[in-house]
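One structure is given below, encoded as structure tokens.
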Amino acid sequence: MSRPINLGTWFGLKFTISLWSIVSYLATALALALVSGLWLALSANDALLAGALSAVMMFLCENLHQWGHSRAARRLGHPMIGVHHFSLFSFCVYPPDEPPLPPSVHIRRALGGFWINLLIGLLLVPASITLWPTGGAIGWLTAFTAFWNGAVLGLGALLPIDIPGVFTIDGGTILRCWREMKRRGA
Ligand SMILES: [Zn+2]
């Protein structure tokens, strides 16, 4: 495992990225260039542009998602200290000495991110319907941005996937903490 690469401190959060994440974004840019090029019969230049812009958009929207978590965490008085990009996704970094928190706090922090992407996805639906038929890199980028935000970073984040210590997404955290609350309340 290589050491995380420091991307600097932004909005009070320390951003890092792994080598694997950089490779994932580059591979995704190429894969999306191929898909968009074949699907919309784009020129090679337009396809490469569509792929590159898609990967940049995915990275930026992932950070917007995490900004939502950090906003919620700050409001609850248990702030994040950073964001680590480990693949096409990232996780929130909390202080190592953070005391055990009530499940309700974990749930409210976990709910802080998805709605931003869902909102972006929904707002882009009309533009996608208008621009997709016109094709080109812009048609691709608008529709793909709507899909990625709405279906993956928005609704997808709420899937109850929870493999402790390996891979947990927001929906998994919410379900686990909700069960914990029910158990305590019972
Ligand atoms: Zn999240």
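Between the range 126-186 and the range 77-122, the C-alpha centres lie 14 angstrom from each other.
Modelled spin-label separation between S2 and A44, with each label point placed 7 Å from Cα along the Cα-to-Cβ direction: 2.8 nm.
Measuring from label point to label point, each 7 Å out along Cα→Cβ, what is the I161 to V56 span in nm? It works out to 2.7 nm between the two label points. When each of the peptides 31-38, 145-152 is scored by the mean number of other C-beta atoms lying within 10 Å of its residues, the order from highest to lowest reads 145-152, 31-38. Sorting the segments 97-109, 63-75 by their mean number of nearby beta carbons within 10 angstrom, highest to lowest, gives 63-75, 97-109. Each label point was placed 7 Å from the Cα along the Cα-to-Cβ direction; for I22 and I81 their separation is 2.4 nm.
Highest average first, the peptides 4-16, 42-54 ordered by how many other beta carbon atoms sit within 10 Å of their residues are 42-54, 4-16.
Percent antiparallel among DSSP beta bridges with both residues in the chain, to the nearest 5?
Bridges in the chain are about 75 percent antiparallel.
Counting only Cβ charges, +1 for Lys and Arg and -1 for Asp and Glu, the dipole size of the chain around its Cα centre is about 680 debye.
On the beta carbon distance between F147 and R183, with R0 = 35 Å, the FRET formula returns roughly 0.40.
Where a number appears in this text, it was derived from the coordinates with a stated rule and is not lab data. On a predicted model such as this, the values are computed, not experimentally measured, just so you know. Glycine gets a Cβ as well: all are built from the backbone with ideal geometry, and neighbour counts include every protein chain shown.
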